[in-house]
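Notes to accompany the following structure.
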Amino acid sequence: MRVGLAFLTAASCYAHVVSMSSGEFKIDGANATYELQIPVYETQQLRDPEHALLDNIHFSSAGTEAHILTRSCTADSATLTCKATYLFNADVDRLNVACKFHTVLVANHVHMLHATKVSGVDAGRSDQAFFDISFQTAELRFHPPSLSELLTRDAMSGFWRALSALASILFLSSVLIAAKDRRNLMLLLAMFLVGEIAASLYGPRQLSPRFLEAAAALTVAYLAIEVLLLPNAGQRWLVVGLLGAFHGLYFGLFIDAGVSSKTGFLAGVVLGELFAVAVLMGVRWATAKGFPGVPWQWSRVAASLLFLTGTSWFIIRMMS
């Protein structure tokens, strides 16, 4: 028990619910400019961000990597901005990108890149991609994709974002513990998804990643402590729906970044979270089979661990 508590507390010190950066790549013939923006607190461990970051993103076209001509980084109180200029061997038709920011930041870091052609017959056309530990390369094409391509690409992206959103997975674990029976579980999950989707589409914008991370961690702690102190509380479906909205704001960041198909992306998110719930239910079933006769005690132990993790996570993010 003590080992588990220590492990989760230590994990919360290094985890980030929301770790992301954005980049704008503008192509003018064979020349290009790149601007990277990332919260300052994400880069505090980097001694030389100018090289640590820009050496971990590479652009190429027609099999040849672009030459970096200039690079610089400046920071204000909130944001680190890095700029670089590149030269390709010829006009860019398709842009190949390799990004490994997760190797110098945190393992679940996501980089959102938007590329635009600013000259030539394709002027004004753009494409985008998300990069993380699972998707480190991408090809950006400057022609309108088909509807099926949009739906498939964004659904896959949403599915993975759901599985990599640690706060949502922890919150769904709390929901499983809070559910009194299968029917109640279906109601809680439905309300969570309704709140999440509504907030992702219509929730407030321009909230800082640090706030979203702290709020998401706090939702885990709140539901866990309610399960411990008020196991038979009524109208928990309403609480879960409201708390789900905070998790929806995280996915709203990707929608704001300009996913091509909101429907496809959110469908992928829902499928990913339902898949996660199925896995968690399988773990709970295996635990009940392995330790028969004590499901209630195990629920309280799990709720205590979730409360400690969420609370520690919240305090660390507020103090960092």
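The values are calculated or read from the model by the stated rules, or taken from the named source; none is laboratory data. What you are looking at is a predicted structure, and each value in this text was computed from that prediction instead of being measured. So basically every Cβ, Gly included, is an ideal-geometry build from the backbone, and we count neighbours across all protein chains shown.
Taking region 287-317, which residues are modelled with pLDDT under 75 and of a type in the set (Val, Ile, Thr)?
Val294, the sole residue that qualifies.
Report those helices (runs of 4 or more DSSP H) wholly inside region 202-320 carrying at least 3 residues which are aromatic (Phe, Trp, Tyr).
236-256, 262-290, 295-319
Quick one: in region 164-196, of everything that is in a helix (DSSP H, G or I) and within 15 Å of the chain's Cα centre (by Cα), which residue is farthest from Leu228 (Cα to Cα)?
Across region 164-196, the extreme among qualifying residues is Ser164.
Please verify whether region 64-72 includes one or more residues that are within 19 Å of Ala129 (Cα to Cα), out of contact with any Ser or Thr (no Cβ under 8 Å at 6 or more places or on another chain) and without any contact (Cβ under 8 Å) to a residue 60 or more places away in the chain.
yes
Which of (1) surrounded by 15 or more Cβ atoms within 10 Å (Cβ to Cβ); (2) without any contact (Cβ under 8 Å) to a residue 40 or more places away in the chain does Ser173 not meet, given it meets every other one?
(2)
Filter region 181-223 down to residues that are in contact (Cβ under 8 Å) with a residue 12 or more places away in the chain, among the charged types (D, E, K, R) and farther than 13 Å from Phe314 by Cβ, then give me how many there are.
So the answer is 2.
Condition first: of a type in the set (A, V, I, L, M, F, W, C), assigned by TED's automatic domain parsing to the domain that holds Thr43, over 28 Å from the mean Cα position of the chain (by Cα) and surrounded by 18 or more Cβ atoms within 10 Å (Cβ to Cβ). Can you find one or more residues in region 87-107 that meet it?
Just the residues of region 87-107 that are of a type in the set (A, V, I, L, M, F, W, C), to begin with: 87-88, 90, 92, 95, 97-99, 101, 104-107.
Going one step further and asking which of them are assigned by TED's automatic domain parsing to the domain that holds Thr43, we end up with 87-88, 90, 92, 95, 97-99, 101, 104-107.
Subset that is over 28 Å from the mean Cα position of the chain (by Cα): 87-88, 90, 92.
Checking the rest, the ones that are also surrounded by 18 or more Cβ atoms within 10 Å (Cβ to Cβ) come to 88, 92.
Yes.
Looking at Leu238, Leu243, which is the one that is touching a helix residue (DSSP H, G or I) at 6+ places or on another chain (Cβ under 6 Å) and within 18 Å of Asn184 (Cβ to Cβ)?
Leu243
Which pairs have Cβ atoms under 9 Å, sit 6 or more apart or on different chains, and link a residue in region 305-320 that is farther than 13 Å from Ala216 by Cβ and touching a residue at least 24 places away in the same chain (Cβ under 8 Å) to one that is outside any loop (DSSP other than H, G, I, E, B) and among the charged types (D, E, K, R)?
Taking only residues 6 or more apart or on different chains, the pairs are Ser320/Arg210.
Here are Arg141, Arg183: which of them is charged (D, E, K, R) and over 30 Å from Asn96 (Cα atoms)? Step through it out loud before you land on a result.
On the way: Arg141 fails: over 30 Å from Asn96 (Cα atoms).
Answer to the selection: Arg183.
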